[in-house]
Amino acid sequence: MLIQIGYDLQFQVPAPVAMVAMLHVHPSRTQDLLDSDRVQIDPAVPVEQYIDGFGNLCSRFLAPQGSLRLYNSTIIQDSGEPDAVSWDARQVPVEQLPPETLQFLMNSRCCEVDRLSPLAVQLFGDIRPGWARAQAICEWVHEKVTFGYQFARSTKTALDVHSECTGVCRDFQHLAITLCRCLNIPARYATGYLGDIRVPQVPAPMDFSA
């Protein structure tokens, strides 16, 4: 199937500011693109592209004062099949994990692994390691946390989400990621476009989705 993806972001910039736009399709899917994935910027400014530490293609530029627009539309080819489910997938012991995955076990500003580890062990320590344990974590977060845009704030952490039981998609992810890391399951945050396939049209702009 062919999927059209795009964005149109507009800002009022009070003073010149350096920006990094993370709006590209992940390089692992570049071969599936049928059109350009270059960020269009109005007014035009020099852009430098680079790959960050997580493998994302980023566009770096100096945004001038005044109105700024970032936009693009492209087509990607996809099978349309759901992600594979493998209930027999095993949990790899920490000492056998590839070195590049170890960073996804660590504490961070939004994922307080040290503070939520006792809870993770209490809730999921008796569940068979592997797919079943990761699935149980995701289902528990889905049932515990109430979604609502009014609950969003930029400083919210996984511990806040657990305490308040509210949040937006990134908050669900932060809590699930943290609980996974507490049990030595490497996990990281990923974001993409909020799809509208088979979703009734709404007048409000679409958004990104964690």
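The values are calculated or read from the model by the stated rules, or taken from the named source; none is laboratory data. Quick caveat, the model's predicted, so the values are computed rather than measured. No Cβ is skipped: glycine too gets one built from the backbone with ideal geometry, and neighbour counts run over all protein chains shown. Surface areas here come from the heavy atoms of the whole protein model, side chains and all, with no ligands, DNA or RNA. Shrake-Rupley method; radii C 1.70, N 1.55, O 1.52, S 1.80 Å.
ILE51: among the hydrophobic types (A, V, I, L, M, F, W, C), more than 24 Å from TYR189 (Cβ to Cβ) and at pLDDT 95 or above, yes or no?
For ILE51, the condition - among the hydrophobic types (A, V, I, L, M, F, W, C), more than 24 Å from TYR189 (Cβ to Cβ) and at pLDDT 95 or above - is not met.
Step by step: first the residues of region 149-165, then only those that are within 16 Å of the chain's Cα centre (by Cα) and crowded, with 17+ Cβ neighbours inside 10 Å, then the one that is farthest from THR178 (Cα to Cα). Which residue is that?
Of everything passing the filter in region 149-165, LYS156 is farthest from THR178 (Cα to Cα).
Given the conditions (1) of a type in the set (A, V, I, L, M, F, W, C); (2) more than 30 Å from ASP42 (Cβ to Cβ); (3) more than 19 Å from the chain's Cα centre (by Cα), and given that MET106 satisfies all but one, which numbered condition is not satisfied?
(3)
Does VAL39 fit the bill of being over 19 Å from TYR193 (Cα atoms) and of a type in the set (Val, Ile, Thr)?
So VAL39 fails the test.
Given region 39-119, what strands (runs of 3 or more DSSP E) lie entirely inside it while holding 3 or more residues that are open to solvent by 50 Å² or more (accessible area, probe 1.4 Å) and touching a strand residue (DSSP E or B) at 6+ places or on another chain (Cβ under 7 Å)?
Ranges flagged: 48-51, 66-77.
Pick out the one residue from PRO186, PRO200, PRO205 that is open to solvent by 30 Å² or more (accessible area, probe 1.4 Å), more than 25 Å from CYS58 (Cα to Cα) and outside any helix (DSSP H, G or I). Before you say what the answer is, go through the steps one by one.
Numbers: PRO186 fails: more than 25 Å from CYS58 (Cα to Cα); PRO205 fails: more than 25 Å from CYS58 (Cα to Cα).
From the options PRO186, PRO200, PRO205, the qualifying one is PRO200.
Inside region 154-171, can you point out the residues that are under 17 Å from SER108 (Cβ atoms) and without any contact (Cβ under 8 Å) to a residue 12 or more places away in the chain?
SER154, THR155, ASP160
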